[in-house]
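What follows is a single structure, written as structure tokens, with notes after it.
The values are calculated or read from the model by the stated rules, or taken from the named source; none is laboratory data. Nothing here was measured: the structure is a model prediction, and the numbers come from that model. Neighbour counts run over all protein chains shown; Cβ positions are idealised from the backbone, glycine included.
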Amino acid sequence: MVDVKALAKYLLKLNGEQYAALGTEEPDTDISPMKLQKLLYYCQGYALAILEEPLFKDPIEAWAYGPVINSVYQEYKGYKGGYIPVPSASSEVRIDETAEKMARLVMNDKGRYSPGTLCEMTHREAPWKEVFAPRENNPLSLDTMREYFSSLFAQEISEEQELKAFRSQGSEPTRQEWGDILHAL
């Protein structure tokens, strides 16, 4: 298992590298403490579905604004709603290859969303909804997370297979059919 604080720093570093690749002079990030929390939640959820084991041991709690890892919250709460700076180049961030891959997958899938959008997304998801109660900070169930994310991935794989089968029929989809296919993905 990876240290969740190291994973958080890796997500920040990865985001900074993506900004730098866009040609900005100073690596920047658009990750606020809230967004970082949601990215970590998705890292754990994806790991539970794909690897069938947790990526980190720290519990994720159901707070009012979505899933939160308290130790990471304590580390970055001083930034409030502002952006967290990218770790300096001299500060090494060490996590294993599996955690790196999971972080990259989550950044590619969820990194473009704002903190507010990510918050809204998590509020519609079973792992948070199942245990949230105002002012209680109940832990999310790893089993519920595994089931929820596994079902999401199974649905996406099924839709992708349907698209491949549709394409293999040799007929070009109509404009409406393309719209339906893209909407489903």
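Data overview
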{"quantity": "Some residue of the stretch 68-76 being touching a strand residue (DSSP E or B) at 6+ places or on another chain (Cβ under 7 Å) and surrounded by 19 or more Cβ atoms within 10 Å (Cβ to Cβ)", "calculated": "yes"}
{"quantity": "Yes/no for E61 being in contact (Cβ under 8 Å) with a residue 60 or more places away in the chain and closer than 23 Å to N137 by Cβ", "calculated": "yes"}
{"quantity": "Wholly enclosed helices (runs of 4 or more DSSP H) of the stretch 123-185 bearing at least 2 residues of a type outside the set (A, V, I, L, M), at pLDDT 90 or above and under 21 Å from the mean Cα position of the chain (by Cα)", "calculated": "126-131, 142-168"}
{"quantity": "Test: residue in the stretch 80-95 that is in contact (Cβ under 8 Å) with a residue 60 or more places away in the chain and under 15 Å from M1 (Cβ atoms)", "calculated": "yes"}
{"quantity": "Unique residue being out of contact with any Leu (no Cβ under 7 Å at 6 or more places or on another chain), more than 28 Å from K129 (Cβ to Cβ) and surrounded by fewer than 23 Cβ atoms within 10 Å (Cβ to Cβ) when the list is A49, A21", "calculated": "A21"}
